[in-house]
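The values are calculated or read from the model by the stated rules, or taken from the named source; none is laboratory data. Model, not experiment: these values are computed from the prediction. Cβ coordinates were reconstructed from backbone atoms using ideal geometry, including for glycine residues, and neighbour counts include every protein chain displayed. Surface accessibility is based on the protein's heavy atoms, side chains included, excluding ligands, DNA and RNA. Shrake-Rupley method; radii C 1.70, N 1.55, O 1.52, S 1.80 Å.
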Amino acid sequence: MKICCIGAGYVGGPTMAMIAKQCPDIAVHVVDLNQARIDAWNSDALPVYEPGLDEVVREARGRNLTFSTRVDQAIDEADMVFISVNTPTKTFGIGAGRAANLEFVEKCARQIARNAKSHKIVVEKSTLPVRTAEAVKRILSSEGNGVTFDVLSNPEFLAEGTAVDDLLHPDRVLIGGESKEAIESLCRVYASWIPREKILTTNLWSSELSKLTANAFLAQRVSSINAISALCEATGADVDEVARAIGTDSRIGPKFLKASVGFGGSCFQKDILNLVYLCEHFGLREVAAYWEQVVMMNDYQKRRFSERIVKTMFNTVSDKKIGVWGFAFKKDTNDTRESAAIYVCRDLLRERARLAIYDPRVSVEQIRADLCYACADRNGQVCGTDRDLIENNITVVDDCYAAADQAHAIAVLTEWDEFKQVDFAKVHDAMHRPAFVFDGRNLLDREAMESIGFELHSIGKSR
Ligand code: NAD
Ligand code: UGA
């Protein structure tokens, strides 16, 4: 059996590496248009940082795992073609700001139709609006060259930072489709290492919709606890204690109840907005408004955090140095897409703060590019003032100590483990007084920090 995967990103790369590792008799060819990304997959510096991923790739690459830009050839040779390309929120035209941009998926389908000379199973791995498979099927059959296709939906549920473990031991694998034979072919691939009872099969539309729904439910939990964190700050309740108290109820459960500066990542916001758009499309205004609130609450949480910093620091951060610890959207990833840090830093910059940013995995180029994107207007233009601020008021430094040196405050925006190992007495010595710490991840111990002399402000805790 030969598998081709179009899209060598955060999902395509790790997912295919795991299939290749677990199924040595399947030849897996991952293709992408982006030559630099493919070169990185073929090097020792993989384009995606994930704990344990290097070992998985090293075991299979060169044996039955190949990365290249030969898209047409890979399609032609494969029995099964995964579509794992990006499906970002549309930024233009109908549905701008909400609907998923399906341009890349459609291009893949057309390319598969053009290059297929024998029957193919086409697998939707990208997250897609419900009923996309209908369009994919029509496009595939539009070439009219007699080749037949089966379309399956096989959404991915891995989380970044734990991708390898999630792929090794998933809670479930979901396969939606019409043809029993095609479903069974894909089941057999996963059954090489995943117990059969964890492989769920459904119809196409349930599978497509389950992916959007899972992300909406997860994000909703974060927004729910973040909403309560605001009330905690106003009343003296402690959000971590509330989370523990409600999480022990087996009907609620303890996971995904960590209050934070706001959820980030490439998918939660995009997928919920897509769900909102779909509901509106089907005339379900109340349902759309219900889910949209999850994103609005997240925006409120990010804004509330930067406003709290300004308010606490005597209503001005102008010309004050703020050390920013962490820029990735969560620990153990180099991904910054929709990271709360981007928006908090943008707001602080616009208050004229000087930011010294440290993240163990994110490059200076990425940080500047993200801030430019966040400052851009609808036409993608960044005004002169914002450009000057990004240029002059940001330094990207090599460790926590450099970020804190001569700083008026520290903002913890990602929960990297190494931030807990810092010598806080040394940090305190190097800072101005009062030495403010704004802990956007509730990572730091209040008693220990206060005994050193810090003024600690955490999420969902009044002082
Ligand atoms: P990504 O942007 O990291 O990677 C997508 C890749 O597809 C890019 O490298 C791009 O160059 C390539 N591509 C686009 N069009 C192409 C074409 N026509 N031919 C060849 N290559 C093409 O995206 P990602 O994070 O891997 O996400 C992919 C999909 O998986 C999305 O739908 C996303 O919602 C979903 N998803 C992502 C995650 C995650 O953790 N990132 C988890 C589950 C599901
Ligand atoms: C999420 C889902 O967990 C995956 O199942 C899904 O496959 C993926 O989206 C996707 O479709 O892209 P991911 O975004 O990688 O995975 O990471 P999460 O662990 O879900 O965290 C998302 C954001 O929520 C992070 O910013 C994280 O810090 C935040 N979060 C998470 C909280 O603030 N509190 C929590 O309790 C949990």
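Taken over segment 225-260, the residue count meeting the criterion of being small (Gly, Ala, Ser), in contact with a helix residue (DSSP H, G or I) (Cβ under 8 Å, 6 or more places away or on another chain) and within 11 Å of ligand 2 (Cβ to nearest atom) is 4. Which residues, taken from segment 8-26, are over 20 Å from HIS169 (Cα atoms) and open to solvent by 30 Å² or more (accessible area, probe 1.4 Å)? Matches in segment 8-26: ASP25 only.
In segment 144-195, the residue that is most open to solvent (accessible area, probe 1.4 Å) out of those that are within 16 Å of ligand 1 (Cβ to nearest atom) and in a helix (DSSP H, G or I) is ASP165. Quick check, is MET16 within 16 Å of ligand 1 (Cβ to nearest atom) and at pLDDT 95 or above? Yes; evaluated as a whole, the condition is true for this residue.
Would you point out the residue of segment 58-87, among those that are more than 26 Å from THR148 (Cβ to Cβ) and of a type in the set (Gly, Ala, Ser), that is surrounded by the fewest Cβ atoms within 10 Å (Cβ to Cβ)? It comes out as GLY62.
In segment 27-51, the residue that is surrounded by the fewest Cβ atoms within 10 Å (Cβ to Cβ) out of those that are β-branched (Val, Ile, Thr) and modelled with pLDDT of 95 or more is ILE38. The criterion of being modelled with pLDDT of 95 or more, within 16 Å of ligand 1 (Cβ to nearest atom), in contact with a strand residue (DSSP E or B) (Cβ under 7 Å, 6 or more places away or on another chain) and open to solvent by 20 Å² or more (accessible area, probe 1.4 Å) does not hold for LYS198.
Scan segment 50-100 for residues that are part of a loop (DSSP other than H, G, I, E, B) and either away from ligand 2 (no atom under 16 Å from the Cβ) or among the hydrophobic types (A, V, I, L, M, F, W, C) (or both) and the total you get is 18. Within the option set ARG446, ARG433, ARG441, ARG387, being in contact with a Ser or Thr (Cβ under 9 Å, 6 or more places away or on another chain) and either free of Cβ contacts under 8 Å to residues at least 40 places away in the same chain or of a type in the set (Ser, Thr, Tyr) (or both) holds for one residue only, ARG446. Under the condition of being in contact (Cβ under 8 Å) with a residue 40 or more places away in the chain and either open to solvent by less than 20 Å² (accessible area, probe 1.4 Å) or touching a His at 6+ places or on another chain (Cβ under 8 Å) (or both), which residue from segment 96-111 is farthest from ligand 1 (Cβ to nearest atom)? Among residues in segment 96-111 that are in contact (Cβ under 8 Å) with a residue 40 or more places away in the chain and either open to solvent by less than 20 Å² (accessible area, probe 1.4 Å) or touching a His at 6+ places or on another chain (Cβ under 8 Å) (or both), the one farthest from ligand 1 (Cβ to nearest atom) is ALA99. Within segment 118-143, if we keep just the residues that are part of a loop (DSSP other than H, G, I, E, B) and over 22 Å from GLU77 (Cβ atoms), the residue that is farthest from ligand 1 (Cβ to nearest atom) turns out to be ARG131. Of all residues in segment 221-237, those being surrounded by 20 or more Cβ atoms within 10 Å (Cβ to Cβ) and closer than 29 Å to THR127 by Cβ number 5. Inside segment 421-453, can you point out the residues that are open to solvent by 30 Å² or more (accessible area, probe 1.4 Å), in a helix (DSSP H, G or I) and either within 16 Å of ligand 1 (Cβ to nearest atom) or over 13 Å from GLN406 (Cα atoms) (or both)? Correct list: GLN421, ALA425, ARG446, GLU447, ALA448, GLU450, SER451, ILE452.
Within segment 27-49, the set of residues being without any contact (Cβ under 8 Å) to a residue 24 or more places away in the chain and either among the charged types (D, E, K, R) or within 16 Å of ligand 2 (Cβ to nearest atom) (or both) comprises ASP39, ASP44.
Quick one: how many residues across segment 351-376 are of a type in the set (A, V, I, L, M, F, W, C), over 14 Å from ARG387 (Cα atoms) and touching a Phe, Trp or Tyr at 6+ places or on another chain (Cβ under 8 Å)? So the count comes out to 2.
Taking the criterion of being farther than 28 Å from ASP332 by Cβ and among the hydrophobic types (A, V, I, L, M, F, W, C), the residues of segment 348-384 that qualify are ALA376, VAL382, CYS383.
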